[in-house]
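Working notes for the structure below.
All of the numbers you see were taken from the coordinates with simple rules; none came from a lab. Quantities reported herein were computed from a predicted structural model and do not represent experimental measurements. Note: ideal-geometry Cβ built from the backbone for every residue, glycine included; neighbour counts use all protein chains shown.
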């Protein structure tokens, strides 16, 4: 019973952090929210995987955040193009989007549980929110850091669901490499094209 | 020594060592030589078969355990390894002529090693993860440190990452479908998920918009390598799915869907290629057409599926390498590959222009060139199944032909009295000469591929046997 309550809290945390990443424009808030999101995802993953494998995912996620954070910190404001080039792009629009994601996740959770029994409602709900939020994020941004955040969110959602059906160490390892790779590729793309003399202006 | 160590671990570590210790000048030679040695090893030493060399008995074991899962390369994989590393050698030897930095060779070797691992991993579904990791390794090749990343590379990263969850999850669901094939609902869901996964991976219409973008914003040689390597291994992965799951092979709806996806790519790719004014984008659309042909080959209800698919795959690597090399040489001179910038270049870079046009014509299925035998074989099989599809395939090829004629017209539009000159370096001349000769050899004597093609159907237990 207590475990179920904690799991639902984790789902709530996932919804809140996904909304924060999608709505907030400050990269520090987004990365902080992603770090909290990994804790919630870790809890849901350990419903089906051993604690050690779950913690490997948590540590990988935090390493990715550290890499992205350090890279973003080293860039000056003029090197980062945060302006989205399409409409609608307001905060209200994003709030509506995350509400739609939450509604779709709420609607689909019980149906997926009926098709694939044994996963657990909390696991499915958390996973669907993350996948939905990741997809929505990818749909409304062209900013590099935000694209990487969207992909990481989506992958975390998938990993929660996949952990319930596949417990291979090799898969866990390769998914961790994929996450790390995304972080490194994201960092590389963020610094690519920036002149060395300008790096560190804001530190 | 085991096969996965030789053909996966060795090239991967070699790639790292080349990155760390080799200068730009020697990396091309080192990478090409390693690839040639690996190809020859695959040709000479059969996997899992004892070979007596005097008093010494030599045997390459087929599998190795890694984190509880096995990586296995069997005797049947030998021909495939010869093709993969033979073509890789061509790409790596060409790097010096194309003027690309040494990390192309090192990252290229690591990418090929990872992609080889994708055909060796058991269960084969995990290949999706290795394809994703390989796709991420391609990014530093596409975006140089001094270059701002464009939209094409971001879309490429997004699409490849989206493909992985779809394929992994549909693979897990396929086990359920096998247990109860009558469940139409689950079968449809799995079919859609699998289709979406491969659509993202292969860049099926309309998800291929990143290809022409990349051809415009990134190095043509690196993009050409990507357009050769990833679809080649994805097609082998897809053939694995067709081979292992009977219901996918036997489902008429899925077969039609694959066929329509293929023909849409061929026709749309040919149509858009004929409208372009940028020779890099034209190559991108030609690669899309080629992928469409591969998908069409996979949709065939014939015993020749595997033979025709590999007959398409081998010249594809050859043609793309030559085309990308020619584009790289031209780009170093013209900076932009727009028609306005390359006008009259046939007089100053005659060999590069000739090689480019030959590669383009080969892609359109011009007689005597490498692409012709595979296209005629595919066309013959398609005509036996649907004349409409066969007609539209020709229309796609016609679009590519229009693009080739337009490109040639722009290249020869030189000012009156402009003198002919040979500005290619000797290494560029050698590589272009070897490539162009290869196109003719493969076109006139396609039977030289027969020894390699003979064993390939054994890779797939149910397809083509």
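Peptides B:194-203, B:425-434 ranked from most to least packed by the mean count of surrounding Cβ atoms within 10 Å: B:194-203, B:425-434. For the stretch B:278-395, evaluate the Debye formula with one uniform point scatterer on each Cα (no solvent term) and list log10 I(q)/I(0) at q = 0.12, 0.17, 0.18, 0.20 Å⁻¹, rounded to two decimals. For the stretch B:278-395 at q = 0.12, 0.17, 0.18, 0.20 Å⁻¹, log10 I(q)/I(0) is -0.47, -0.81, -0.88, -1.01. Sorting B:77, B:416, B:48, A:26 from the fewest to the most surrounding beta carbons within 10 angstrom yields B:416, A:26, B:48, B:77.
Given only helices, namely DSSP H runs of n ≥ 4 each adding -39500 (n - 2.57), what is the per-residue ellipticity at 222 nm of chain B, to the nearest 500 deg cm²/dmol?
Theoretical 222 nm ellipticity from helices: -24000 deg cm²/dmol.
Helix A:51-73 and the longest principal axis of the Cα set of chain A meet at an angle near 20°. If you bin all the Cα-Cα distances of the stretch B:71-161 at 5 Å, starting from zero, the percentages per bin are 3, 12, 19, 20, 20, 14, 7, 3, 1, 0. Cβ crowding within 10 Å ranks B:420, A:62 as B:420, A:62, fewest other Cβ atoms first.
When peptides B:39-45, B:207-213 are sorted by average Cβ neighbour count within 10 Å, with the highest value leading, the order is B:207-213, B:39-45.
Give the Rg/Rh ratio for the stretch B:198-450, taking Rg as the radius of gyration of the Cα atoms and Rh as the Kirkwood radius, to two decimals.
Here Rg/Rh amounts to 0.98.
Using only the alpha-carbon atoms, how far is helix A:121-140 inclined from the longest principal axis of chain A? Give it as 0 to 90 degrees, nearest 10. Once rounded, one gets 30 degrees. The value given for the stretch B:137-290 is a Kirkwood hydrodynamic radius of 16.6 Å, derived from the mean inverse Cα-Cα separation. Each label point was placed 7 Å from the Cα along the Cα-to-Cβ direction; for residue A:142 and residue B:21 their separation is 4.6 nm. To the nearest ten degrees, helix A:144-165 and the longest principal axis of the Cα atoms of chain A are 20 degrees apart. Dividing the helix sum by the residues of chain A, where each DSSP H run of 4 or more adds -39500 (n - 2.57), gives a mean residue ellipticity at 222 nm of -26500 deg cm²/dmol. Volume per residue of the convex hull around the Cα atoms, evaluated for chain A, comes out as 113 Å³. Can you give me the pair-distance distribution of the stretch B:1-122, C-alpha pairs, 5 Å bins, whole percents? All Cα pairs, binned at 5 Å, distribute as 2, 13, 21, 22, 17, 13, 8, 4, 1, 0 percent.
Looking at the P(r) of the protein assembly as shown, how many percent of alpha-carbon pairs lie beyond 48 Å? Roughly 14 percent, rounded to a whole number. What separates the Cα centres of the stretch B:401-462 and the stretch B:57-132 is a distance of 25 Å. Applying 0.36 nm per residue to the separation of residue B:385 and residue B:256 and subtracting their alpha-carbon distance, the gain on full extension is 45.3 nm. The coefficient of translational diffusion for chain B, derived via Stokes-Einstein from the alpha carbon Kirkwood radius under 37 °C and 0.692 mPa s, stands at 146 µm²/s. With only the Cα atoms considered, the stretch B:394-451 has a convex hull volume of 129 Å³ per residue. Ranked for footprinting exposure by Cβ neighbours inside 10 Å, fewest first, A:162, B:349, B:26, B:285 give B:26, A:162, B:349, B:285.
Which value results for Rg/Rh of the stretch B:141-189 when Rg is the Cα radius of gyration and Rh the Kirkwood radius based on the inverse mean 1/r? Walk me through the numbers before you get to the answer.
On the way: Rg = 18.0 Å, Rh = 13.5 Å.
My calculation puts Rg/Rh at 1.33.
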